[in-house]
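The values are calculated or read from the model by the stated rules, or taken from the named source; none is laboratory data. Keep in mind the model is a prediction, meaning the values are calculated, not measured. Cβ atoms come from the backbone with ideal geometry, glycine included; neighbour counts cover every protein chain shown. These area figures cover heavy atoms from the full protein model, side chains too; ligands, DNA and RNA do not enter into them. Shrake-Rupley method; radii C 1.70, N 1.55, O 1.52, S 1.80 Å.
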Amino acid sequence: MRFRREPNANRNFPTHCPYCAGEGLFPDETSDFAWKCTECLRIFEVKFHGQDAPEHAPAPAKSTEQAIQESLAHHGHDAVLRKEK
Ligand SMILES: [Zn+2]
């Protein structure tokens, strides 16, 4: 006899009920994604279906080393700059 289900890695954890903004939320056995609100007694699901790719993606972040070197060069601290290999 098993008392616990396997953890659902795709389950999301809402912090507020989408209907009454109540915070008393508990998992419900209706489905693997269901939550029950103890304040308005509604049972609802929260699912993440993915994310649209942005039309203009931001530039990739610089490494810390690269950012420090650029900042030092920008502020004129040439004496401490690393030489290009
Ligand atoms: Zn509610």
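Could you please tell me which pairs satisfy a Cβ distance under 7 Å, a separation of 6+ or placement on different chains, a first residue in the range 25-45 that is in contact (Cβ under 8 Å) with a residue 24 or more places away in the chain and under 13 Å from N8 (Cα atoms), and a second residue that is away from the ligand (no atom under 12 Å from the Cβ) and open to solvent by 80 Å² or more (accessible area, probe 1.4 Å)?
Final answer for the pair search is F33/E45; F33/K47.
Could you grab me the full set of residues in the range 40-85 that are outside any helix (DSSP H, G or I), surrounded by 10 or more Cβ atoms within 10 Å (Cβ to Cβ) and acidic (D, E)?
Across the range 40-85, the qualifying residue is only E45.
Among the numbered criteria (1) open to solvent by 80 Å² or more (accessible area, probe 1.4 Å); (2) at pLDDT 85 or above; (3) away from the ligand (no atom under 16 Å from the Cβ); (4) in a loop (DSSP other than H, G, I, E, B), which one does N10 miss?
Unmet for N10, out of (1) open to solvent by 80 Å² or more (accessible area, probe 1.4 Å); (2) at pLDDT 85 or above; (3) away from the ligand (no atom under 16 Å from the Cβ); (4) in a loop (DSSP other than H, G, I, E, B): (2).
Looking at the range 18-39, which of its residues are near the ligand (Cβ under 10 Å from one of its atoms) and open to solvent by 50 Å² or more (accessible area, probe 1.4 Å)? Show your work before the answer.
Within the range 18-39, the subset near the ligand (Cβ under 10 Å from one of its atoms) is 18-25, 35-39.
P18, Y19, C20, A21, E23, K36, T38, E39 - these are the residues of the range 18-39 that are near the ligand (Cβ under 10 Å from one of its atoms) and open to solvent by 50 Å² or more (accessible area, probe 1.4 Å).
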